[in-house]
1. State which residue pairs qualify: first residue in the same structural domain as residue 125 (by TED's automatic domain parsing) and inside segment 160-174, second residue of a type outside the set (A, V, I, L, M) in any location, beta carbons under 6 Å apart, and separation of 6 or more residues or different chains.
2. Select from segment 217-257 the residues that are surrounded by 20 or more Cβ atoms within 10 Å (Cβ to Cβ), more than 13 Å from residue 343 (Cα to Cα) and aliphatic (A, V, I, L, M) and list them in ascending order.
3. Please indicate, with yes or no, whether at least one residue in segment 365-380 is surrounded by fewer than 20 Cβ atoms within 10 Å (Cβ to Cβ), more than 26 Å from the chain's Cα centre (by Cα) and not in a loop (DSSP other than H, G, I, E, B).
4. Report yes if residue 463 is out of contact with any strand residue (DSSP E or B) (no Cβ under 7 Å at 6 or more places or on another chain) and of a type in the set (A, V, I, L, M, F, W, C), otherwise no.
5. Condition first: under 37 Å from the mean Cα position of the chain (by Cα), β-branched (Val, Ile, Thr) and in a helix (DSSP H, G or I). Can you find one or more residues in segment 93-108 that meet it?
6. Please enumerate the residues belonging to segment 281-306 that are under 16 Å from residue 331 (Cβ atoms) and either of a type in the set (Gly, Ala, Ser) or not assigned by TED's automatic domain parsing to the domain that holds residue 267 (or both).
7. Among the strands (runs of 3 or more DSSP E) confined wholly to segment 1-81, which include 3 or more residues that are over 41 Å from the mean Cα position of the chain (by Cα) and at pLDDT below 95?
8. Within the group 312, 276, 360, which residue is of a type in the set (S, T, N, Q), crowded, with 18+ Cβ neighbours inside 10 Å and over 21 Å from the mean Cα position of the chain (by Cα)?
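The values are calculated or read from the model by the stated rules, or taken from the named source; none is laboratory data. This structure is a prediction, so every number in the text was calculated from the model and none was measured. So basically every Cβ, Gly included, is an ideal-geometry build from the backbone, and we count neighbours across all protein chains shown.
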Amino acid sequence: MNILASVFEKKGLDTFLVKITRKGDIVYATGKTAEFLNSSGIDAVSTSSLSGFDELLGGRVKTLVPSIFAGILSKRDAKSNDEMKALKFPLFDMVISNLYPFQDASRTGDLGAMIENIDIGGISLIRAAAKNYAHVTVITAPEEYNWVSQIIEQNGSVPLKTREELAVKAFAVAAQYDMEIYNSLTQKLLPEKRMENLFLSFQNGIRLRYGENPDQEAFMYHGTDGLGIPNAFQMSGKELSYNNILDSNAAYETAIEFEDPTVIIVKHLTPCGVASSGKLSEAYGNAFAADPESAYGFVMASNMEIDHDTASLIAKNFAEVVVAPSYSKEAFEILRKRKNLRILRANFTPDSSMRIRSVSGGILTQTPLRPMPIQPELKTTARASPDAMEDLIFAWKVVAHSRSNAIVLAKSRMVTGTGSGQTSRVRALKIAGELAGKKAEGSVLASDAYFPFSDSVEEARRLGIAAIIQPGGSIRDEEVIKKCEEYSIPLYFTGKRVFLH
C-alpha cells in the first residue's frame with residue numbers, strides 16, 4: 001500500500017500509521033509532515049523525490065505536480081497502468097490530508113493571516129482522492145484514524161462502502177472550507193456585497209423524531225460557534241423534539257436579556273411566565289405563578305446556575321425541558337430523577353449571527369432583534385416611580401420575545417399577564433388583563449409596537465395600569481399621549497419597535 005500524507009494537524013498520525021502499515025508499504029509525506037513522521041520513528045519518503053524539487057515559495061507549492069496527482073487519479077485500468085509504469089509514477093492507495101486552519105485565521109481579522117491560511121495543495125489532494133474513491137481511501141480528520149484502523153484490522157483493507165463514506169465526508173470538508181473563505185473574504189474585502197451570495201454551513205445533522213406534527217420529517221443541524229440550543233449539552237432525559245427545540249430557543253434567547261436571577265417559562269414560542277428576583281428559587285416561583293394553567297408541560301430557561309431549592313420546585317411540576325448555564329450537583333440529582341425531563345447545559349453568550357427563515361421559494365435573513373439598550377422618553381407630565389421604571393424595562397425585555405401583536409403586564413419584576421399573537425392590539429391587552437385579574441392593578445404595561453388608537457389607553461385605565469412603555473411612531477401618537485395625560489398614566493416611548501412574527 002502506498003500512502004500519501006500531507007497534514008497541518010499532525011496529532012495521532014504517527015500512531016495511526018503504525019497500526020495500519022505492513023512490510024512493503026511506503027509512506028510519502030510533504031515537508032513538515034515527513035519531518036514529524038521520521039522523528040517519530042516512521043520511515044517517510046519526501047514527496048520531493050516525486051516532484052523533483054523541494055518546497056517552493058516558502059511552502060506554497062509542494063504537491064501540485066503530475067507525478068503525485070496521476071498516482072491519485074489513475075483509474076487503474078490497463079491503459080492507465082501502462083502509462084504510469086512508463087512514467088515510473090507510484091499509485092496511491094490512501095491520501096491523508098487536513099487543511100490549514102483558515103477559520104481560526106479569519107477570527108483574528110488579519111487579512112494577511114487569512115490569505116496564508118488558504119490551503120491550495122491540501123484541498124486539491126482531498127478532492128482528487130475523493131473523486132477516485134473507487135481506488136483511493138481519503139482521510140481528512142484525525143477523528144477518522146481510529147475508525148479506519150479498526151476497519152483495516154477487521155477486513156485487511158478498506159472496503160468500497162467505507163471509501164464511499166469517507167469520500168462524501170471529504171467533499172463536505174472541501175465545500176465547507178470554500179464557504180468559509182468566500183464568506184470571510186467578502187466580509188473583509190467587499191463588505192457592501194457580503195449578502196450578495198449566501199453560503200450556509202451547518203454540521204452534524206441529526207434526524208428528529210418528527211417535525212411540528214407527526215407526519216412531518218425534521219432534522220437539526222449544528223453551527224460551528226458552540227452557541228444556542230443545537231450546541232447545548234443534553235445531560236439527561238429523552239430525545240428533544242422539534243417543538244422542544246423551538247420553545248427552548250425562545251426561553252434561552254429571552255433569558256439572555258437579563259442580569260439578575262431570572263426564570264423564563266415558555267409555551268408555544270411565547271414566554272407565559274417570567275420573573276426576576278434576588279434568589280433564583282423565588283424567580284421560579286413567581287414565573288410559574290404568573291400563568292400556572294399554561295405552564296403545564298412547559299419549557300424553561302434560567303440565566304443562572306440551577307440550585308437545590310430551584311430544582312426542588314421544578315421537580316414538583318410537569319416540565320418538558322430545562323435550560324441553564326450550569327447545575328449544582330444536588331440540583332442535577334433532583335432533576336435527573338424525572339426521567340423524561342430534558343436537562344440542557346448551554347452557553348449563554350448572545351449570538352450575533354444573521355437570523356434565517358425559510359419561505360416558499362427562498363429564505364429571509366435579518367440581524368438579531370436587540371430590545372436593549374433603550375433610552376425611554378417621557379411623554380407625559382406624570383412620571384413613573386423608580387420601582388415602576390424598573391418594571392417597565394423588565395416588561396419591555398419580555399414583550400420583545402413575545403409573538404406580535406403582544407402586550408405584557410408586569411409588577412415587582414414579575415409578569416402578571418400576557419397577550420400575544422393577536423391581530424388586534426387592544427384585544428391582546430384585554431387578554432393580558434384577563435390573565436392578570438386582580439394583579440393587573442398597579443402593573444405596568446409594555447407593547448411591542450405603537451398604539452394605533454387611544455382605545456388601549458382606555459383599557460389600561462380600566463385595568464389600573466400604573467405606567468406604559470411603547471415604541472411610539474403612530475400618526476395618532478398625540479391622541480394617545482393626550483389620553484394618558486388625561487388619566488395621569490406615565491407614558492414612555494422607546495423609539496424602537498420589537499415585532500416578533
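1. Listed pairs, sorted by first residue: 163/133; 163/137; 164/133; 167/133; 170/140; 173/140; 174/127.
2. Result: 250, 251, 255.
3. Within segment 365-380, one or more residues are surrounded by fewer than 20 Cβ atoms within 10 Å (Cβ to Cβ), more than 26 Å from the chain's Cα centre (by Cα) and not in a loop (DSSP other than H, G, I, E, B).
4. On the way: out of contact with any strand residue (DSSP E or B) (no Cβ under 7 Å at 6 or more places or on another chain): yes; of a type in the set (A, V, I, L, M, F, W, C): yes.
So residue 463 fits the description; yes.
5. Here is the first cut: in segment 93-108, the ones under 37 Å from the mean Cα position of the chain (by Cα) are 94-108.
When the remaining residues are screened for being β-branched (Val, Ile, Thr), the result is 95-96, 108.
If we keep only those that are in a helix (DSSP H, G or I) as well, we get 108.
Taking every residue of segment 93-108 in turn, at least one turns out to be under 37 Å from the mean Cα position of the chain (by Cα), β-branched (Val, Ile, Thr) and in a helix (DSSP H, G or I).
6. Answer for segment 281-306, where residues must be under 16 Å from residue 331 (Cβ atoms) and either of a type in the set (Gly, Ala, Ser) or not assigned by TED's automatic domain parsing to the domain that holds residue 267 (or both): 281, 283, 285, 301, 302.
7. Hits in segment 1-81: 44-46.
8. Numbers: 312 fails: crowded, with 18+ Cβ neighbours inside 10 Å; 360 fails: crowded, with 18+ Cβ neighbours inside 10 Å.
Sole residue among the options that is of a type in the set (S, T, N, Q), crowded, with 18+ Cβ neighbours inside 10 Å and over 21 Å from the mean Cα position of the chain (by Cα): 276.
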